[in-house]
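Inspection log for the structure reproduced underneath, given as structure tokens.
The values are calculated or read from the model by the stated rules, or taken from the named source; none is laboratory data. Predicted model, so just to flag it, every value in this text is computed and none were measured. Heads up, the Cβs are rebuilt from the backbone with ideal geometry, glycines too, and the neighbour counts pull from every protein chain shown. Each accessible area value is taken on the protein alone, full model and side chains, heavy atoms only, with ligands, DNA and RNA left out. Shrake-Rupley method; radii C 1.70, N 1.55, O 1.52, S 1.80 Å.
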Amino acid sequence: MAMSNFLDSFNVTTGAVGSTIVRTGYGFQPKAFIIWTSGRTEAVDTVGGFNHTMRIGFGTSPTQRACQATHSEDTVGTSDSDNYTDNVSCLRILGAGGVTDGLLDIQTFDVDGLTFIIDNQFTKNVRVFVLAYGGSDITNAKASTVTSLTGTSNESFTDPGFTPTILF
């Protein structure tokens with residue numbers, strides 16, 4: 001049994017669209033990853049009241065990725081919250097009014113890490129975390145989005161078309 005994982009963190013800056021972020025030192029070629037942010041927009045560790053944000057994404061190839069993002073304003077007079085799910089990027093940063101404040105995608109799965117590409121310029125620096133998985137035990141992987149049922153019945157998914165060893 002051989003499965004490897006690597007936890008990585010880095011800052012995404014306000015670089016131009018098309019800028020790449022090359023991450024190395026993983027010790028294996030990733031086959032799948034989870035990517036997320038800390039919930040705040042600073043690129044350093046900090047605490048205190050602030051807008052609530054949640055961003056998480058998954059990827060198993062440059063064409064199989066999905067992300068979920070939320071944003072809720074702190075200390076505003078009226079409610080302002082947004083939610084976004086897509087399968088055209090691996091990380092979306094939402095700002096006030098549901099505006100996209102940054103879009104990061106996977107470009108390549110490299111021999112020793114991952115290369116990301118900025119698809120929509122970030123308005124602020126953001127600290128990003130990645131948990132990468134690889135190894136010979138991972139033979140089938142898929143990342144996708146699903147539409148949940150609105151009722152209370154059971155739900156089954158046949159979308160992958162294979163029995164996955166990792167499914168996001």
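Miscellaneous remarks
- Exclusive hit being in contact with a strand residue (DSSP E or B) (Cβ under 7 Å, 6 or more places away or on another chain), outside any loop (DSSP other than H, G, I, E, B) and either modelled with pLDDT of 70 or more or surrounded by fewer than 16 Cβ atoms within 10 Å (Cβ to Cβ) (or both), set Thr85, Thr145: Thr85
- Scanning segment 111-126 for residues that are over 12 Å from Ser19 (Cβ atoms), open to solvent by 40 Å² or more (accessible area, probe 1.4 Å) and not hydroxyl-bearing (Ser, Thr, Tyr) yields Val111, Asp112, Lys124, Asn125.
- Among the residues of segment 14-39, those that are in contact with a Lys or Arg (Cβ under 9 Å, 6 or more places away or on another chain) and open to solvent by 40 Å² or more (accessible area, probe 1.4 Å) comprise Thr14, Trp36, Ser38.
- When residues of segment 1-42 are limited to those that are in contact with a Gly (Cβ under 8 Å, 6 or more places away or on another chain) and of a type in the set (Lys, Arg), the one modelled with the lowest pLDDT: Lys31
- Residue satisfying all of: in segment 127-137; open to solvent by 10 Å² or more (accessible area, probe 1.4 Å) and of a type outside the set (Phe, Trp, Tyr); nearest to Phe28 (Cα to Cα) among these: Gly135
- Selected residue (criterion: modelled with the highest pLDDT) from residues of segment 114-142 that are part of a loop (DSSP other than H, G, I, E, B) and closer than 23 Å to Val99 by Cβ: Gln121
- Filter result (crowded, with 19+ Cβ neighbours inside 10 Å and not in a strand (DSSP E or B)) within segment 88-110: Ser89, Cys90
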